[in-house]
1. Out of (1) surrounded by 14 or more Cβ atoms within 10 Å (Cβ to Cβ); (2) without any contact (Cβ under 8 Å) to a residue 12 or more places away in the chain; (3) in contact with a helix residue (DSSP H, G or I) (Cβ under 8 Å, 6 or more places away or on another chain), the odd one out for residue 64 is which?
2. If I ask for residues that are surrounded by 13 or more Cβ atoms within 10 Å (Cβ to Cβ) and either part of a helix (DSSP H, G or I) or over 15 Å from the mean Cα position of the chain (by Cα) (or both), which ones from segment 1-23 would you list?
3. Could you please let me know if residue 34 is exposed (fewer than 14 other Cβ atoms within 10 Å of the Cβ) and at negative phi?
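We did not get these values from a lab; they are worked out from the coordinates using the rules stated. Since this is a predicted model, take the numbers as computed values, not measurements. As a convention, Cβ positions derive from the backbone with ideal geometry for all residues, glycine included, and neighbour counts pool all protein chains shown.
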């Protein structure tokens with residue numbers, strides 16, 4: 001695996017622990033995953049009156065993995081390298 005690509009990926013990937021803590025204490029998750037419009041809508045609707053927040057509890061891990069997979073693709077990792085990073 002190319003060291004430069006790995007360093008670029010590591011600097012841009014989403015840290016699941018950080019995102020979970022931000023979500024649990026501040027309701028902030030979409031903004032961390034570059035979806036600021038959804039984050040604003042989430043706040044305006046108060047987490048979809050709680051329903052959206054409840055659904056987000058079950059979908060956040062998948063969203064983080066999908067975001068990290070997209071970043072790995074942008075950096076230039078192929079499928080084999082993504083599999084080594086447990087992104088597939």
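1. So the condition that residue 64 fails would be (2).
2. Answer for segment 1-23, where residues must be surrounded by 13 or more Cβ atoms within 10 Å (Cβ to Cβ) and either part of a helix (DSSP H, G or I) or over 15 Å from the mean Cα position of the chain (by Cα) (or both): 5, 6, 8, 9, 12, 16, 19, 20, 22, 23.
3. Details: exposed (fewer than 14 other Cβ atoms within 10 Å of the Cβ): yes; at negative phi: no.
Spelling it out, it is not the case that residue 34 is exposed (fewer than 14 other Cβ atoms within 10 Å of the Cβ) and at negative phi.
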